[in-house]
1. Collect the residues in the stretch 51-64 that are within 11 Å of F5 (Cβ to Cβ) and either of a type in the set (D, E) or modelled with pLDDT under 95 (or both), keeping them in residue-number order.
2. Restricting to the stretch 29-47, count the residues that are surrounded by fewer than 15 Cβ atoms within 10 Å (Cβ to Cβ), free of Cβ contacts under 8 Å to residues at least 24 places away in the same chain and over 14 Å from V7 (Cα atoms).
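The values are calculated or read from the model by the stated rules, or taken from the named source; none is laboratory data. This is a predicted model, so every value here is computed, not measured. When we count neighbours, we look across all protein chains shown, and the Cβ atoms used for this are built from the backbone with ideal geometry, even at glycine.
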Amino acid sequence: MQEQFKVEGMSCQHCVKAVTQAIQDLDPDAQVKIDLPSGRVDVSAASPREEIRQAIQEAGYQAA
């Protein structure tokens with residue numbers, strides 16, 4: 001499934017790595033593309049949208 005999230009609170013490459021890792025911990029095969037300036041996170045994964053959103057939030061970021 002292809003999902004798109006607006007993630008608030010990311011400001012550096014460490015944030016990008018943390019969000020990517022949180023998603024890939026949930027789904028190791030997930031493809032994650034992050035546009036840091038816009039806060040846009042594109043995810044291609046088998047996991048349900050709500051589980052991905054929850055993983056992002058557990059990493060300390062707001063996801064919509």
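1. Across the stretch 51-64, the qualifying residue is only A64.
2. 2
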